[in-house]
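Scroll down for the structure; my scribbles are underneath it.
The values are calculated or read from the model by the stated rules, or taken from the named source; none is laboratory data. Small disclaimer: the values here were computed from a predicted structure and weren't measured. Positions of Cβ are generated from backbone atoms using ideal geometry, with glycine treated the same way; all protein chains shown enter the neighbour counts.
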Amino acid sequence: MDNILTQIAQYKQEASAFTAANAEAAENFRIKYLGTKGILKSVMGEMKNVPNENKKQFGQTVNELKSFLERKHAELKAAFESRETASSGMDLSLPGDPVSVGTRHPLTITRNRIVSIFKRLGFALAEGPDIEDDWHNFGAMNLPEDHPARDMQDTFYINQNPSWLLRTHTSSVQARVMETQKPPIRVICPGRVYRNETISARAHCFFHQVEGLYIDENVSFADLKQTLYFFVKEMFGNDVKVRFRPSYFPFTEPSAEMDISCRICEGEGCNVCKHTGWVEILGSGMVHPNVLENFGIDSNKYTGYAFGMGIERIAQLKYRVNDLRLYSQNDVRFLKQFTGAL
Ligand SMILES: [Zn+2]
């Protein structure tokens with residue numbers, strides 16, 4: 001018994017003097033002391049020769065040896081690993097480079113919000129091409145070639161074919177829907193539109209619209225108003241005030257523009273509402289019979305309403321953006337302010 005205890009003490013001494021310069025040496029230590037044919041195993045094998053009254057004490061000694069050897073092996077590995085790290089010039093304890101998470105563009109956030117509100121009312125999403133022909137953009141919308149309202153919607157034409165143009169409104173999508181679908185039609189059309197305008201804080205050569213179209217039997221102006229009331233309350237909150245003003249659009253009759261109480265100054269008066277307390281947010285009206293007939297829809301049987309709004313304007317009121325150009329400048333200082341916006 002004493003012999004084997006002396007032997008164990010000797011093993012411990014040898015092991016504690018062991019040094020490892022590399023991974024291989026540390027592995028040799030493991031094989032020699034902790035391996036399946038190693039010293040620890042052979043010491044354990046001595047248990048059967050130990051008298052019963054000493055077995056408990058022997059067991060403890062062997063356990064101590066085992067944890068000593070395991071600790072020593074871990075130390076050896078750690079020592080050369082840190083040396084290797086130091087020589088490679090890499091410090092694994094440094095914090096990592098932060099991953100910068102992007103944000104949705106404020107116009108995308110606003111567009112998604114508008115679309116989701118109308119989807120809940122049963123509107124389906126419809127999209128169309130940015131490059132249009134004259135008919136879908138103007139003619140079908142009751143804007144014949146000599147119509148003065150065309151002057152307000154000057155746009156960009158394609159060199160190769162002057163009858164192609166960049167659409168001035170998303171009404172062209174409505175045209176394409178009426179061309180291919182039969183009533184009842186209930187669609188919402190978001191998209192980018194273009195105008196030949198000088199770029200300033202209030203105007204840009206492109207912006208974004210969402211238009212809606214509902215055609216069925218017995219659709220009335222009251223349906224239009226209720227739909228838009230629901231929309232503004234969902235978008236801006238229950239305390240928003242709404243008013244309709246008569247207006248003119250070639251493709252609707254009667255037509256109305258809708259104002260809401262200014263969300264910036266809450267009616268006190270500011271630059272955005274031109275000190276009136278009201279801001280125009282959309283145009284709307286009952287679809288002109290000529291437009292329905294252009295697509296073979298019987299205007300005696302069917303009626304419909306349409307409305308259209310600029311996404312930039314809605315986002316401006318929602319997020320208090322005072323310059324249209326900010327939306328397309330890609331300035332991270334502007335964009336990161338929308339982190340977490342829904
Ligand atoms: Zn205001």
Counting only residues that are in a helix (DSSP H, G or I) and either among the small types (Gly, Ala, Ser) or within 19 Å of TYR214 (Cβ to Cβ) (or both), how many does segment 302-325 have? 1
Listed by first then second residue, the pairs whose first member lies in segment 60-72 and is surrounded by 11 or more Cβ atoms within 10 Å (Cβ to Cβ), whose partner is outside any helix (DSSP H, G or I), with beta carbons under 8 Å and at least 6 positions apart or on separate chains, are LYS72/PHE18
Of the conditions (1) buried (at least 20 other Cβ atoms within 10 Å of the Cβ); (2) at pLDDT below 90, GLY212 fails just one. Which one is it? (2)
Could you grab me the full set of residues in segment 286-316 that are among the small types (Gly, Ala, Ser) and free of Cβ contacts under 8 Å to residues at least 40 places away in the same chain? GLY296, SER299
Elements of type strands (runs of 3 or more DSSP E) in segment 223-301, at least 2 residues being over 21 Å from LYS318 (Cα atoms) and within 16 Å of the ligand (Cβ to nearest atom): none
Based on this model, can you work out whether GLU197 counts as among the acidic types (Asp, Glu) and either at positive phi or surrounded by 12 or more Cβ atoms within 10 Å (Cβ to Cβ) (or both)? yes
Considering only segment 29-46, state which residues are surrounded by 15 or more Cβ atoms within 10 Å (Cβ to Cβ) and either of a type outside the set (A, V, I, L, M) or not assigned by TED's automatic domain parsing to the domain that holds GLN57 (or both). PHE29, ARG30, LYS32, TYR33, GLY38, GLU46
Which residues, taken from segment 140-173, are within 17 Å of ASP130 (Cβ to Cβ) and in contact with a Gly (Cβ under 9 Å, 6 or more places away or on another chain)? ARG167, HIS169, THR170, SER171, SER172, VAL173
Sort through ASP134, ASP151, ASP130, ASP146 and tell me the only one that's closer than 16 Å to TYR194 by Cα, of a type in the set (Asp, Glu) and at pLDDT below 80. ASP151
